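Step one of this worksheet: look at the structure below.
Please treat every number below as a calculation from the coordinates, not as lab data. As the structure is a computational prediction, the values presented were derived from the model and not from experiment. Glycine gets a Cβ as well: all are built from the backbone with ideal geometry, and neighbour counts include every protein chain shown.
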Amino acid sequence: MNAFDGPAVALSKLTIASESVAHTSAGLATVPLDILLLIFRNLEVSDICSLAQCCHRLATLTSVRPVWHSALQDLIASHIPIPPCPPLEGLSAEELRHTALHAGALRRAWTSAHPTRTRVLRVLPNLTRRMRPTGLDLVLGREHRYALATYHSLDARPDDDARHLLQCVDFGVPGLRARGWEDDGDTDSTVVAWMWFSGALSFALNEARDAAALVAVTSVDSNPTTYILGLDVSSRGAGRPWASQDTVQHGFTTLRRMETLGIPLLLRGEVLVAGDLQGNLWLYNVDTGATLYELRSLREAADADTAHADIPQVVLLPDMLLAFDSATIRQYTLSATTVADADPAEYPVLHPTVIHRWRWRIDTLSVAPLSHPLSPAPNPRPPINIWVRFGSWYPWPINMMHHYSLTSASEGAAYALPPVLVLYTYSALDMFAVAHATVGPHGTALWTDTQSDAFGEGVGGSDGSGRLDGQRIVAKVLRPLPSHVQVPSDGAEDVGLEVGAVGMMREMEGAKYDRGTTTTFGLLRREQEPCVVALDEEAGRVALALKGGEMVVWEYLPMAERDERAR
């Protein structure tokens with residue numbers, strides 16, 4: 001069967017196959033062909049594989065391209081990560097089948113209680129300067145090869161121009177060998193780009209995959225400056241940033257240097273969202289440097305105690321922006337004016353149309369809209385996962401993580417506030433322990449907490465008591481809001497109003513305590529605790545930046561898929 005059969009040819013082959021089945025199975029012979037396709041469309045991938053093993057003719061019926069293309073579309077609609085592969089339009093039926101099987105294998109490994117790593121990748125810390133990680137993220141485009149990290153030099157002098165480092169690591173370099181944690185051998189150079197700065201760094205990767213602009217990074221010093229950087233790896237393997245500090249910039253290409261009024265929070269295509277410590281936001285066009293919007297936070301005096309470190313996280317939609325901080329959720333309505341039509345001299349100043357105020361201060365927060373890069377029709381109002389750990393009156397936060405879901409009643413309507421509490425799960429955290437969390441676009445929440453129960457040998461070894469005294473790297477796949485939970489269209493509150501008793505009831509509607517369904521990726525000794533964590537759901541990777549300067553990536557992609565990707 002040709003890999004690129006059109007629908008008509010594929011249906012004719014299915015007709016021939018179904019007619020041949022009639023000689024051996026009267027039941028299938030009486031089922032119309034379109035009904036058979038509908039039946040196959042409602043089967044799980046494993047069920048289709050089981051059906052194909054019944055007999056040769058059923059194997060023929062289930063081997064045509066529309067069956068496996070439909071199966072993959074079902075996985076995409078369920079927000080199941082698809083491992084890196086060529087565009088689906090160019091894949092044959094057999095290639096689509098393998099892609100669906102690999103996606104299922106990755107999903108099973110990713111969601112098991114204690115996944116088995118297929119390999120461990122490491123970048124050793126700076127051997128000549130003490131470096132402390134301050135930021136980490138994995139690049140979801142560009143073949144899922146790269147990670148970006150920022151560091152602060154603990155040995156730098158105040159007048160040193162090279163105190164903060166941005167570097168790009170390529171985990172696809174053949175010199176990076178698969179190794180376990182206990183292997184103390186040296187590691188071949190995998191740093192393909194770096195750039196030194198004098199001020200503290202904040203960066204945002206471009207959500208537009210494979211765009212020319214890879215990252216927006218701001219150096220916060222006396223004159224904050226934002227750099228829009230591309231990546232040129234043609235001279236990879238040229239050394240390490242700490243071995244040649246005279247080379248201030250290598251591998252990164254400066255596409256634009258611009259002054260912004262805040263640090264980068266989000267970069268999507270040519271639109272940059274920057275924010276300051278007071279929660280104010282600005283939207284810029286990085287192609288022209290023009291300011292598109294100014295969004296005022298309207299923070300009140302009651303929120304002043306959190307203003308010192310309360311830079312929001314943002315979700316940008318074509319006609320709306322949502323800002324999430326430790327005290328509020330703010331919703332702004334953007335005009336239909338396109339970026340190209342914006343007037344650089346006169347940009348609108350907007351105030352939030354809706355504000356939701358949390359009852360309790362938030363200690364740890366991560367938000368992400370639920371989306372899939374292969375979706376044929378992106379949702380204009382995607383559900384937004386909110387993963388939080390609330391603070392308390394004590395110096396430590398509460399030992400519980402909460403999952404809230406923010407949804408819209410219809411495609412054109414605003415999001416219904418307050419968000420609905422979907423579930424909460426136990427997560428212990430010792431005083432002064434590192435608490436960091438991130439949520440991926442496919443719904444995986446990854447966070448750190450304190451180990452409280454014995455679990456195998458762990459990563460860092462045991463203290464002799466059968467348990468580890470350190471940090472867990474744990475995750476959970478956040479499911480969408482159950483369909484039976486009805487979100488009222490008038491759920492948004494007016495600006496400045498507190499949530500009342502009705503809001504409390506809505507929060508608890510559909511909520512449930514999650515009993516032990518989290519995934520433990522690994523354990524670390526206290527001295528190895530991570531400063532930052534990141535994840536790539538499609539490549540099956542969890543990345544850790546440890547406080548000693550080492551970067552570690554745990555990979556869970558099934559070995560067969562990883563080998564095919566390497567070829």
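Simple spin-label estimate for TYR513 and CYS55 gives 5.3 nm between the two label positions (7 Å along the Cα-to-Cβ direction from each Cα).
From the alpha carbon gyration tensor of segment 37-150, can you work out the equivalent ellipsoid semi-axes (sqrt of 5 times each eigenvalue) and give them in Å, largest to smallest?
Ellipsoid half-lengths, sorted descending, are 39, 15, 12 Å.
Each residue, ASP161 and LEU255, gets one label point 7 Å from its Cα in the Cβ direction; the gap between the two is 2.6 nm.
Approximating the spin labels as points 7 Å out from Cα along Cα→Cβ, the ALA413-to-VAL233 distance works out to 4.5 nm.
A Förster distance of 30 Å, applied to the separation of the beta-carbon atoms of SER335 and ASP221, puts the FRET efficiency at 0.30. Estimated at 0.36 nm per residue, the fully extended path between SER92 and TRP360 surpasses their Cα-Cα distance by 91.2 nm.
Rg and Dmax of segment 369-440, both derived from C-alpha coordinates alone, stand at 15.6, 48 Å.
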